[in-house]
Amino acid sequence: MSPFASLVASVDPRPDTRLPERARLSQIDASLRWPVVLFVVSGAGWLMLGTVLGLVAAVKLVWPDFPGIFFNNLEVLTYGRIVPAGLNALVYGWGNNAVFAVGLWIMARLCGTKVKDLGMLYVAGGVWNTGVLWGVGSILVGVGTPVEWLEMPAGVAPVLAASYALIAVWAILCFRYRQEGPVYVSQWYLLGAFLWFPWVYLMGELMVAWAPARGTVQALAGWWYAQNAFGLWFTPAALAAIYYCLPKVLGRPIRHYYLSALGFVALAMFTPWTGARHLIYGPVPVWIQTVSIAASMALMLPVVVTALNFHTTAWAGARDVWRSPTLRFIVFGALSYTVASTVGAVTALRSVSVTTEFTQFMTGYGAHGFYAFFTMAMFGAIYFMMPRVLEREWPSAILIHAHFWATGLGIGMVLVALYLGGWSQGVAMNDASVPFLALVKAMLPMNVLAIVGGLLVLLGQAAFMLNLLALAGVAAAMELLSLLAKASGVALGEEGA
Amino acid sequence: MDWDLHRLLVIAPGTLLLCSGAYALYWAVCAGRSRDFTRGERAVFTEEEPEGLVLEDFSRTTSIGANETSSANALGRTAD
Amino acid sequence: MKNLPLMFCGLFFALATSWCGLILSANIQYGALQPVAIEQGDTVYPQPIAGVAQQGRQVYIDLGCIYCHTQQVRPAGVGGDLARGWAKRGTVPRDYILQSPVLLGSSRMGPDLADIGDRMDTHTNYLHLYDAQLVAPGSTQPPYRFLFTTQKIGDTPTPHALKFPEGSTEAPPAGYEVVPTDRAIALVAYLHSLKIDYELPEATFAPGVGNATTSGNATAHP
Amino acid sequence: MSDADPAKKLFAPEPAGPAMDPARLSDTALQQVHAASTAEKEEPAVGFSPIPVGMIMLFTALTFWVAIYIGQHAGGFRWNVYDANWEPGGEVAAAPPDPMKVGARIFSNTCQQCHHIDGMGAAGQYPPLAGSPWVAGTPDRAIEIVLEGLSGQATILGGDYNGQMPALGQSLSDGDIAAVLTYVRGSFGNTASAVDEQEVTQIRTSLGSRGPMSPDEELKRHPLGQPDNTVAAKPAAGNTTAAGAPAGNTTAGGAAPAGNVTAGNVTAGNLPAANLPAANLPAVAK
């Protein structure tokens, strides 16, 4: 066998086709067991950290001296540091780890392939998390770049890119060696996500950090990246999770499934053009703004398609949705996707953007997309995935209830606070007769509401973390015990011989 | 006046594209092509998690759908 | 749709067209702008910032000022930007060609700073940085006390030492003074350098704007 | 991989129906759901279900909106259009540069060091321009001095000067000279007419390069107090729509002591609406 052929054979992820389907599926689940635990647990840790940092930032908007005179002398706790640090912890720590776990698992299952080489995934996952740690730490000590979503220093990018490649290659390999039969829509979305992200990330780093473009072209490249990182990485991954979990748990196929292809193609066509929607009335030529506004509006097409798919399917099985822990989160995410995308399209219009731009409203829009849609969908998928991967049930249903209600209510309060507060902030800001200080003071009540919501969200995540650690911890302990038993058995056997 | 060349340049090809797209869709649906898109909709279901089976139920037990077996194949299953 | 290489090409094509259409064409179209004088013989604008101000720019970046302050002014008739006296015209791409990284910002928890150098007072600014409550009670700007040091007053008081308002609890004990560190001095120098006090061929001052707030200095050029 | 011919598979006729194993799906309700969905699938050949029709309408509406929105607000895809409501052809009406503004800039770069920002010069060293009869009347004298310089003894407004004015004909174009003289003749309390570029060109050609003249020689060619009979004694080019009067005549407080008139006020006072026409037009590079 030539070296190349042996390499190919060593990564060929197809399970033994002689096995019955049931055995093959549990082989696939088992092949991803510990990588998934690594990604989910580290992701949940980043999620907690990011939320805490965001919460501290929110408190500082109400009480700038927080957390006291002594700590104010600590530069790392200043508002301009914890905001980007929290954002990066959420995006690259939680978001990417969650997509790695959920995306790889769904891809492997739908393709009927397993992930063969475990060692590489552990190393890559470890390197990814180390890179994020390095990046977030750098931001906190003040050696980041001032480009939103790309704040990590340029040196971190190669580390992240390399570990990403080692992880994402498994998704591509799974698709390459997939079993016969029709390709499901989740596979399209996941393949797209795993292929788009590296391009988008490298082009963003290139034009912003390594060989910066001149003037506002740089800002354009930065927003092109940020918009695509969300729209072509987190969004398709979450849509794939919804498309997978919803019919699966309900036991009924997606309604109007034939439209989903249209949704995917439209998403792929329009999302990349929306980058400049963050620069409306900004220092870029007006045609660039117009094209991005038009693309944001055209993005309503895939949104309507997914809305039809998701909501008609969920509606038909509404009672089962409410009974399923997975689907509560999944359907919450699906609804949020519809609403957040509509908000996104409307706020891209010039006449609305003039009020919402630069205000807390857009912060709320970000939270709506990243938290109420993406994160909730990921929670749902994780609730579905972990018992199957670990062959063990979640330890506590009460904690799942607590998680759902606390995060659901919490994010709802945050959104209400930021949307209402942001809108009145924008209206006041555009009225030059309102002194700036007065409009800042007027935002206080809504900022307090956002803090309360944030606390609830954090509480819910603590419940999730507790449940997760108990589940993974017991599973790990059992695995360790069985390994020990095997080892001692072998040792005994040898002694006997 | 307002409908100058500048705008016609955008609208004429746009309309053309749109009409051809609409016609293509019409033809595809009439020719039964849309059925091909539905072939994938059951790809999510497997032997152990088949269509027609609701997999999770909060209300049954304190723990979700706890079953007597520890095998992954039975997890979360509530239907018969 | 079932063929991996074909699908790869399609996905890549969707992304690549947008990159070419938005970023590359923008770069070709205006990526090579140069400073320009509005009329022949005039000084060219924008002017680069240098020395201490350049160091202050790094402080501005380190402290994450962009998370509350934009440096982009929307044109006349859009929102209240010009009416608030944030500049006399909207900013355009040429204003940013000498800056890297570009600090447009996307949030206005605080006012826009594109033209802050035209409307600020150095000492007030030091106080505002030390603790915004001293100057603007109710402000949400966090205190940057770590940009200042408290030291014993020497033979002659330091010129930049903060003059706290009467009865302020933050005033240092007698015989001591609060002075800005090099970073604070650099940051304030940078803020001073932020000026949109020039016109460009593609961006002239909006009529009548700015006279209300800065009546005496409405015309920057003789 | 030879495992599949994708196209053939995708478009192959559907098998008789999904395998429905009655043993597995014992629930009758479920079977009904199944039957319903199966029936739905066979339907499309007959006609459209409302969903695709709705989607086509949505798609059509979105495409039309996008096309029209881009058509109306793309600013001609120019790099220098920042107004969403820019109309093609807008640049045709772009105003020619205001000679008072151009002149002010050239003055501040070239003349201001000696003649001072308020045109008062410096006693005994540089003669004043404010209220000077040398500036008023025919512009030819001033054009010649700027082109070729001036060297020697002169008495201006009661002060004696014996200095040297450098020739600026090489460093300033005809347009620049016309603009700066228009500015000087319309500022510092001066109310003389604007200077035309063609006149400068004429004089430059007729003078050749003869070098600086003495004041006496200059006065011989153009005595003081000579009336201004040039064609340029007309309103400043193109900018009078809003101002409504020749620039020189609108001087606010023209009789005030020149020294009190700062340069900034002069610009603002002389041409209250000087930048109006330009600013109303879309920003387009000339």
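Since every read-out is calculated from the coordinates, none of them should be taken as a lab result. The structure presented is a predicted model; accordingly, all values stated were derived computationally and were not measured. Positions of Cβ are backbone-derived with ideal geometry, glycine not excepted, and every protein chain shown enters the neighbour counts.
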Item to check | Cα centroid separation, the stretch A:180-235 to the stretch D:164-218 (Å) | outcome: 61
Checklist entry - Non-local amide H neighbours of D:Met213 (under 5 Å, H modeled in plane, Pro and chain starts lacking H): which ones? => result D:Ser151
Checklist entry - Just how large is the dipole of chain C about the Cα centre, in debye to the nearest 20, putting +1 at every Lys and Arg Cβ and -1 at every Asp and Glu Cβ? => result 640
Checklist entry - Taking a label point 7 Å from the Cα of A:Leu466 along the Cα→Cβ vector, which residues of the stretch A:395-409 have an amide N closer than 13 Å to it? => result A:395-404, A:406
Checklist outcome for this item: Assertion target for A:Lys114, C:Lys152, ordered by fewest C-beta neighbours within 10 angstrom first, is C:Lys152, A:Lys114
Next on the checklist: Taking 41 Å as R0, compute the FRET efficiency from the Cβ-Cβ separation of C:Thr158 and A:Leu206 and round it to 0.05.
Outcome noted: 0.35
Checklist entry - What angle, in degrees between 0 and 90 and rounded to the nearest 10, separates the Cα long axis of helix A:96-111 from the longest principal axis of the Cα atoms of chain A? => result 50
Next on the checklist: Under the 0.36 nm per residue contour assumption, what length would be gained going from the current alpha-carbon distance of A:Val452 and A:Leu74 to full extension?
Outcome noted: 133.5 nm
Checklist entry - Counting only residues 5 or more places away or on other chains, whose amide H sits under 5 Å from the amide H of C:Tyr176 once H atoms are built in the peptide plane? => result C:Ile153
Item to check | Rg and Dmax of chain A, Cα atoms only, in Å | outcome: 23.2, 93
Item to check | Leading residue at positive end of dipole, chain A (Cβ point charges), from A:Ala314, A:Trp34, A:Met465 | outcome: A:Ala314
Checklist entry - Counting Lys and Arg as +1 and Asp and Glu as -1, what is the net charge of the other residues whose Cβ lies under 9 Å from the Cβ of C:Thr140? => result +2
Checklist entry - Around A:Asn88, with a cut-off of 12 angstrom between Cβ atoms, what is the net charge of the other residues, counting Lys and Arg +1 and Asp and Glu -1? => result -1
Next on the checklist: Which of D:Ser173, A:Ser488 has the fewest other C-beta atoms within 10 Å, and how do the rest follow up to the most?
Outcome noted: A:Ser488, D:Ser173
Checklist outcome for this item: Amide H contacts under 5 Å for A:Tyr281, restricted to residues at least 5 apart in sequence or on another chain and with H modeled in the peptide plane, are none
Next on the checklist: Run the simple label-point estimate for A:Ser351 and C:Asp121 please: 7 Å along Cα→C-beta, distance reported in nm.
Outcome noted: 4.3
Checklist entry - Calculated FRET efficiency, D:Ser171 and D:Ser206, Cβ-Cβ r, R0 30 Å, to nearest 0.05? => result 0.90
Item to check | Approximate spin-label separation B:Glu47-A:Ala438, in nm, with each point projected 7 Å along Cα-to-Cβ | outcome: 7.4
Checklist entry - Efficiency by 1/(1 + (r/R0)^6): what FRET value for A:His401 and A:Ala477, r their Cβ-Cβ distance, R0 = 25 Å, to the nearest 0.05? => result 0.45
Checklist outcome for this item: Taking Cα atoms only, helix A:21-31 is inclined relative to the longest principal axis of chain A by an angle, in degrees rounded to 10, of 60
Checklist entry - Along the Cα-to-C-beta direction of C:Ala16, a point sits 7 Å from the Cα; which residues of the stretch A:207-223 have their amide N less than 19 Å from that point? => result A:207
Item to check | Where labels lie 7 Å past Cα in the beta-carbon direction, separation of A:Val427 and A:Val141 in nm | outcome: 4.7
Item to check | Computed [θ] at 222 nm, deg cm²/dmol, chain A (DSSP H ≥ 4; -39,500 (n - 2.57); rounded to nearest 500) | outcome: -25000 deg cm²/dmol
Checklist outcome for this item: Expressed as a whole number, the average count of other chain Cβ atoms within 10 Å around the Cβ atoms of A:423-429 is 2
Item to check | Magnitude of the charge dipole, chain A, Cβ model with Lys/Arg +1 and Asp/Glu -1, debye to 20 | outcome: 940
Item to check | Average other protein chain Cβ within 10 Å of Cβ, residues A:359-372 | outcome: 1
Item to check | Neighbour-count order for D:Cys114, C:Cys65, A:Cys174, C:Cys9, fewest beta carbons within 10 angstrom listed first | outcome: C:Cys9, D:Cys114, C:Cys65, A:Cys174
